[in-house]
Amino acid sequence: MSSPVPVPPAAAWCDALQHAAAQYRWLLGQLPDAKRYPRTWEHGKRVLVRPADWTSGFFPGALWLLAGLTRDATWRTSAATYTGGLEGMKANRRTHDIGFMLYCSFGQGYRLTRDPHYRAVLLAGAESLVTRFNPVVGCIKSWDTRAEWPFPVIIDNMMNLELLLWATQESGDPRFREIAIRHADVTLANHFRPDGSSYHVVDYEPATGIARRRQTHQGAADESAWARGQAWGLYGYTFMYRETRRPAYLAQARKIAAFLLGHPRLPEDKVPYWDFDAPQLERAPRDASAAAIICSALFELSLLVADEDRRQYVQFASVQLASLCSPAYRAEVGSNGGFILMHSTGSLPRGSEIDVPLNYADYYFLEALQRAAIAVDRRS
Ligand code: GLY
């Protein structure tokens with residue numbers, strides 16, 4: 001019999017859903033049309049992006065999450081409108097971000113509606129994504145844009161594999177899952193350091209599959225632990241284990257979790273600085289998006305392990321969720337450009353999106369709320 005997991009401080013987030021719904025209703029009322037998607041609020045302006053932006057799926061995804069969490073069907077109309085605007089991305093072969101764009105929007109929509117058209121869009125998107133797979137490397141190529149990296153693979157790319165696992169489950173075509181497993185295995189072999197932290201970019205030689213360089217694009221240094229990169233890795237290996245039950249993936253998820261949970265530079269509120277190795281740490285901006293992704297992943301991982309680990313993951317994620325629900329991170333309704341959370345960091349080395357709201361912080365925060373309810377329900 002498993003030992004009981006302590007009840008997390010649920011009272012700290014019990015009004016979070018109501019608040020998030022009020023904030024997104026206000027945001028919807030501020031948007032000029034449904035052709036562009038709110039990404040952030042920077043320098044006093046709301047940044048709206050086109051469907052081809054890597055973050056376009058998060059806003060419709062958040063609307064679907066609100067529809068599910070509130071059980072209020074009125075959210076479905078705007079969720080469907082913003083989701084529909086992304087359909088063209090199913091044919092986009094120029095980016096690895098198809099999983100983010102489509103699985104967070106059409107995927108969340110399909111989960112709630114079972115609309116066969118959504119299913120068809122997702123399967124077409126999976127077909128586009130696998131065109132970027134190189135069997136010699138064993139990975140899906142992330143970017144086509146940097147001449148010095150002939151075949152870059154970023155840790156973030158793990159997130160796109162969930163669409164592929166889903167595609168095999170839905171279609172019965174094993175190709176998608178095989179590619180997801182190969183990508184996860186090669187990433188496991190090449191992206192991680194002995195302490196469980198990960199590099200951001202591994203660049204491969206396309207003709208031989210040799211890992212040429214390990215570098216960063218958004219972190220403080222090639223050898224640093226960029227906070228959101230660690231979060232993507234944890235989330236990625238958690239669902240890879242959930243869907244395949246391969247012990248190596250669970251071991252990796254636990255290793256990443258151990259790195260994060262015990263990190264000496266993690267602040268008490270468990271919302272990481274933008275990079276665990278950022279210079280002048282005390283003055284470094286936080287990254288609430290990394291906290292939200294870790295929080296959602298840990299609630300999920302808690303369902304896949306037993307006893308002590310479960311207790312530890314639920315406890316940690318609950319502290320994170322309570323922090324994100326506190327006035328330190330949660331904006332007043334009608335402020336923060338209409339986004340739920342404050343204090344995320346997009347790309348500090350490029351001077352872009354520093355200490356701002358980000359649509360993906362909101363998305364994973366809402367998902368964490370949803371998963372918290374399930375994880376806490378199964379706490380004993
Ligand atoms: N996938 C891009 C980022 O995490 O900023």
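The values are calculated or read from the model by the stated rules, or taken from the named source; none is laboratory data. The structure displayed is predicted, hence computed values, not measured ones. Every residue, glycine as well, gets a Cβ built from its backbone with ideal geometry; the counts of neighbours run over all protein chains shown.
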Condition first: over 20 Å from GLY236 (Cβ atoms) and either buried (at least 18 other Cβ atoms within 10 Å of the Cβ) or within 15 Å of the ligand (Cβ to nearest atom) (or both). Now tell me which residues in the stretch 145-178 satisfy that.
THR145, ARG146, TRP149
Might you check whether a residue that is in a helix (DSSP H, G or I), under 13 Å from ASN336 (Cα atoms) and at pLDDT 95 or above occurs anywhere in the stretch 34-52?
no
Inspect all residues belonging to the stretch 202-217 and state whether any of them is over 15 Å from SER296 (Cβ atoms), among the β-branched types (Val, Ile, Thr) and more than 16 Å from the ligand (Cβ to nearest atom).
yes
Give me a count of the residues in the stretch 218-275 that are in contact with a Pro (Cβ under 9 Å, 6 or more places away or on another chain), of a type in the set (A, V, I, L, M, F, W, C) and closer than 21 Å to ALA322 by Cα.
5
Could you check the stretch 80-109 and list, in sequence order, the residues that are within 12 Å of the ligand (Cβ to nearest atom) and either in contact with a strand residue (DSSP E or B) (Cβ under 8 Å, 6 or more places away or on another chain) or more than 19 Å from TYR235 (Cα to Cα) (or both)?
THR95, HIS96
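Only one residue in ASP156, ASP144 is assigned to a helix (DSSP H, G or I) and either over 18 Å from the mean Cα position of the chain (by Cα) or modelled with pLDDT of 95 or more (or both). Which one? Break it down into steps so the answer makes sense when it comes.
On the way: ASP144 fails: assigned to a helix (DSSP H, G or I).
Just one listed residue meets the conditions, ASP156.
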If I filter the stretch 315-373 down to residues being charged (D, E, K, R) and assigned to a helix (DSSP H, G or I), which single residue comes out as nearest to the ligand (Cβ to nearest atom)?
ARG350
For the stretch 252-272, enumerate the residues that are out of contact with any Ser or Thr (no Cβ under 9 Å at 6 or more places or on another chain), assigned to a loop (DSSP other than H, G, I, E, B) and of a type in the set (A, V, I, L, M).
LEU266
